[in-house]
1. With respect to residue 383, is the statement that it is closer than 25 Å to residue 44 by Cα and over 25 Å from the mean Cα position of the chain (by Cα) true?
2. Would you be able to tell me the number of residues in the stretch 183-210 that are small (Gly, Ala, Ser) and under 19 Å from the mean Cα position of the chain (by Cα)?
3. Output the number of residues of the stretch 305-325 satisfying the condition of being in a loop (DSSP other than H, G, I, E, B), of a type outside the set (A, V, I, L, M, F, W, C) and loosely packed, with under 15 Cβ neighbours inside 10 Å.
4. With surrounded by 20 or more Cβ atoms within 10 Å (Cβ to Cβ) and more than 23 Å from residue 295 (Cα to Cα) as the only criterion, which of 224, 196, 190, 270 stands out?
5. Being acidic (Asp, Glu) and closer than 16 Å to residue 245 by Cβ narrows it down to one of 38, 18, 14, so name that one.
6. Take residue 127 and decide whether it is in contact (Cβ under 8 Å) with a residue 24 or more places away in the chain, surrounded by 23 or more Cβ atoms within 10 Å (Cβ to Cβ) and of a type outside the set (Asp, Glu).
7. Taking residue 135 as the residue in question, decide whether it is assigned to a helix (DSSP H, G or I), in contact with a Gly (Cβ under 9 Å, 6 or more places away or on another chain), within 13 Å of residue 173 (Cα to Cα) and in the same structural domain as residue 284 (by TED's automatic domain parsing).
Amino acid sequence: MNKDLLRLQPYPFEKLAELKQGLQPAAQLDPISLSIGEPRHPAPRFVIDNLIAHLHQLSIYPSTRGSVALREAIASWLSRRFAIRPDLVDPETNLLPVSGTREALFAIAQAVVDRQADHPLVLMPNPFYQIYEGAALLAGAEPGYLNCLSDNDFLPDLDAIDSARWSHCQLLYICTPGNPSGAVMPRAYLRRLIELAHRHDFVIASDECYSEIYFDEDEPPPGLLEVAAEIGNEKFERCLAFHSLSKRSNLPGLRSGFVAGDAQILQRFLLYRTYHGCALPPATQTASAAAWSDEGHVVENRNLYRQKFEQVLALLSDTLAPQKPQAGFYLWASTPVSDTEFTRRLYAEQNVTVLPGRFLSRDQDGVNPGENRVRMALVAPLDECLEAARRINQLISVL
């Protein structure tokens with residue numbers, strides 16, 4: 001067996017199940033889960049119909065590179081959404097369809113990390129999506145945690161990373177908008193990251209799966225490739241962006257996304273994926289092309305989240321007082337007691353499940369950035385989210 005498997009920590013939801021073990025919430029209260037970032041808005045009907053209409057394609061082996069129609073639909077969306085000149089995004093070389101960002105974010109580390117190098121390092125935000133950590137460990141690298149604290153707008157403090165760490169860094173994961181804080185990396189911040197990647201020779205893997213859930217229609221979050229093109233890095237060297245239909249289009253079960261950017265890296269990543277055997281089924285590819293080609297359902301999706309955040313924040317403003325995120329569908333809230341105690345009592349007394357912040361982060365430099373915070377995913381229908389907020393207020397009233 002691969003001994004690095006023994007280094008993997010339990011997934012946050014395994015820790016949550018253990019935390020809740022033995023607790024019996026009040027039977028008269030229906031359970032409400034805010035712990036998992038699983039979109040629960042309706043999937044677009046036209047995508048479902050498209051998928052069903054092409055199920056006959058199950059008799060065809062899929063191409064790892066993806067169909068021409070899918071790649072062209074993705075390239076067109078990428079150019080429109082991030083104002084990138086269409087000629088810079090070649091559907092043949094600058095992007096690959098993937099089985100959701102989770103699969104690709106894990107796999108990219110296996111492809112780009114040189115385990116024979118001197119102390120290979122993979123840097124990542126802290127808190128973080130645990131796939132980053134597992135990918136680093138199973139690629140033979142050490143994970144390095146960059147604390148994301150309120151004092152720095154929940155972004156890693158780049159000045160706190162010394163030249164020795166940068167010199168060992170082979171891959172840097174970023175998440176913008178961030179999970180769990182919703183923090184958006186400004187253009188100037190992304191420019192600096194790209195400059196650091198060129199200076200120290202590492203790859204940036206930008207997890208942008210929450211990029212389409214934002215609150216100001218006139219100010220969508222910027223993307224890594226957008227900024228790369230703006231500063232003249234028109235070949236997107238050392239830059240990779242990962243996108244998904246899971247959050248954008250409420251299609252987490254479709255397992256469909258893409259990675260785009262540096263053509264040389266993607267050429268080698270295609271070789272890895274060919275052996276890995278993770279091509280999207282043909283019907284999935286056809287339905288995905290339809291989803292990437294439509295923006296109306298995405299605007300409607302944002303409107304639903306906007307309504308939920310406005311009403312939930314109004315209810316919690318005098319109690320838990322969470323800050324409205326810049327983007328995404330999470331509230332990253334401070335707790336009046338420890339995050340684990342708050343989670344246990346909220347479940348036991350109010351039958352509402354949230355995720356303790358410490359389960360999403362690691363102790364680093366004497367700090368755990370998730371301590372005394374909880375992540376709440378406003379993915380349930382509006383009435384459930386409002387009821388959860390009322391129950392949270394009820395718990396706080398007796399703490």
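1. Here the answer is yes, as residue 383 does meet what is asked.
2. Of the residues in the stretch 183-210, the ones small (Gly, Ala, Ser) are 183, 188, 197, 205-206.
Those still in the list that are under 19 Å from the mean Cα position of the chain (by Cα) too: 183, 205-206.
So the answer is 3.
3. Of the residues in that region, 4 qualify.
4. Working: 224 fails: more than 23 Å from residue 295 (Cα to Cα); 196 fails: surrounded by 20 or more Cβ atoms within 10 Å (Cβ to Cβ); 270 fails: surrounded by 20 or more Cβ atoms within 10 Å (Cβ to Cβ).
Within the list 224, 196, 190, 270, the selection yields 190.
5. Details: 18 fails: closer than 16 Å to residue 245 by Cβ; 14 fails: closer than 16 Å to residue 245 by Cβ.
Going through 38, 18, 14 in turn, just one is acidic (Asp, Glu) and closer than 16 Å to residue 245 by Cβ: 38.
6. On the way: in contact (Cβ under 8 Å) with a residue 24 or more places away in the chain: yes; surrounded by 23 or more Cβ atoms within 10 Å (Cβ to Cβ): yes; of a type outside the set (Asp, Glu): yes.
So residue 127 fits the description; yes.
7. Details: assigned to a helix (DSSP H, G or I): yes; in contact with a Gly (Cβ under 9 Å, 6 or more places away or on another chain): no; within 13 Å of residue 173 (Cα to Cα): yes; in the same structural domain as residue 284 (by TED's automatic domain parsing): yes.
No, not satisfied.
This table checks each residue for (1) over 30 Å from residue 232 (Cα atoms); (2) in the same structural domain as residue 286 (by TED's automatic domain parsing).
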{"position": "11", "(1), (2)": "yes, no"}
{"position": "15", "(1), (2)": "yes, no"}
{"position": "21", "(1), (2)": "yes, no"}
{"position": "56", "(1), (2)": "yes, yes"}
{"position": "62", "(1), (2)": "yes, yes"}
{"position": "71", "(1), (2)": "no, yes"}
{"position": "76", "(1), (2)": "no, yes"}
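The values are calculated or read from the model by the stated rules, or taken from the named source; none is laboratory data. As the structure is a computational prediction, the values presented were derived from the model and not from experiment. Virtual Cβ from ideal backbone geometry, glycine too; neighbours counted across all protein chains shown.
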